[in-house]
């Protein structure tokens, strides 16, 4: 019955996310437990959909394995994720070079010596007889997606650049007719937030981060690419925010730090400022770190929320086990999916604009 509902949903939505991903392969004890209960856990399915994975699920029965690359005490261990298999206890186990590895919640653990089965504390979801592999260089779904985004950006902008190599200027055409207005838009945002000609130094970074986020967001909306959640990964958004923070700190001027430690300037004497600075200065110092934290959380939360909402709406059909609920969930899913296209552009713009604002605050030479 559930497969029937899944087929109807797939035919109805086409471009939505759950049908293409099928029933994801769950890890270790989770798999055995769900088979015994025979229940569809909508919350877990939604969260699992938004997480990274060691394989790409295009459809039920069509899974592309990815390389697993681990560094252990015994050196480098490599194998394909397809080598994980279910043993008699229902666990996902692979044995390599005398070591046993288990995949649990998309994390890879190595069983302790002498252990044959993976055990986990279900209250804390922590491994009892295994240790997580600390150095995991595996090519996960998000890593592959990053390479795909890089290739797409290279193709798009090398194609656009061909027009500008000509001696005779002409109106943009082809892909350049789309990229040129966007590039000029990002440049204008940089010019508005960064004083003088300094914006030219930072525009390449702002362009890179804008198009990377935009392409990552749009890539996550394409179902037959298994809906990678690149910009909804906290590690990716953390890295992007760290880039902005590093550029801001490296290029910061004396005026920026004077505003941090002497925010009131010459507006009053030090005798009157010192009591206020007991509160103001710590707040200003915290603000240095709160700004990049807001960048990473905003992007992560908005993109991940969109994926989870779409999956949750589709899950209504499975939870109620009635095709009649499709009349409610399908229109709402279509609406949210359309809204996510707007969010894809909006979040790329917000991250780029705030990055320009924060950098502009750091490099200004005088108070206005």
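Bear in mind these aren't lab numbers, they're just calculated from the coordinates by the rules spelled out. Every value quoted in this text rests on a predicted model; they were computed, and no experiment measured them. For neighbour counting, all protein chains shown are included, and Cβ atoms are generated from backbone atoms with ideal geometry for every residue, glycine included.
With an 8 Å Cα cut-off and a minimum separation of 6 or more residues, compute the relative contact order for the range 143-363 in percent.
On the way: 193 pairs, mean separation 65.2, N = 221.
Dividing the mean separation by the residue count of the range 143-363 yields 30 percent.
Tell me, in nm to one decimal, what length is gained between residue 281 and residue 125 on full extension, where the rule is 0.36 nm per residue of separation less the Cα-Cα distance?
52.1 nm
Separation between the residue 185 and residue 135 pseudo-spin-labels, each 7 Å from Cα along Cα→Cβ, expressed in nm?
Reported label-point gap for residue 185 and residue 135 is 4.4 nm.
Between residue 148 and residue 350, what is the label-to-label distance in nm when each label sits 7 Å out along the Cα-to-Cβ direction?
In this crude spin-label approximation the distance works out to 2.5 nm.
How do the peptides 304-310, 179-185 rank, highest first, by the average count of neighbouring beta carbon atoms within 10 Å per residue?
With the highest mean Cβ count within 10 Å placed first, the list reads 304-310, 179-185.
Give me D for the range 82-207 in µm² s⁻¹, whole number, from Stokes-Einstein with Rh from the Kirkwood sum over alpha-carbon pairs, 20 °C and 1.002 mPa s. Mind showing how you got there, number by number?
Details: Rh = 19.7 Å.
It comes out at roughly 109 µm²/s.
Would you please give the FRET efficiency between residue 249 and residue 170, computed as 1/(1 + (r/R0)^6) with r the Cβ-Cβ distance and R0 = 56 Å, to the nearest 0.05?
The pair residue 249/residue 170 has a calculated efficiency of 0.85.
Could you list 255, 231 so that the one with the fewest beta carbons within 10 Å of its beta carbon is first and the one with the most is last?
So the ranking, lowest neighbour count to highest, is 255, 231.
Distances longer than 11 Å among the Cα atoms of the range 301-340: what percent of all pairs is that?
Details: 457 of 780 pairs.
The calculated P(r) of the range 301-340 puts 59 percent of pairs beyond 11 Å.
Counting alpha carbon pairs within less than 8 Å and at least 6 residues apart, what relative contact order, in whole percent, applies to the range 221-314?
Relative CO of the range 221-314 lands at 51 percent.
I need the shape label for the range 266-353. Rule: rounded when a/c is under 1.5, else prolate if a/b > b/c, else oblate, with a, b, c from the alpha carbon gyration tensor.
On the way: a/c = 5.09, a/b = 3.32, b/c = 1.53.
Prolate shape, in that a/c is at least 1.5 and a/b is the bigger ratio.
Could you give the length gained by full extension between residue 305 and residue 162, i.e. 0.36 nm per residue of separation minus their alpha carbon distance, to one decimal place?
Values: separation 143, 0.36 × 143 = 51.48 nm, distance 3.88 nm.
Value of the extension gain: 47.6 nm.
Can you put 164, 277 in order, fewest other beta carbons within 10 Å first?
In order of increasing Cβ crowding within 10 Å: 164, 277.
Cut-off is 10 Å between beta-carbons; in what order do 268, 110, 361, 80 appear when sorted fewest neighbours first?
Ordered from fewest to most neighbouring Cβ atoms within 10 Å, 268, 110, 361, 80 come out as 268, 80, 361, 110.
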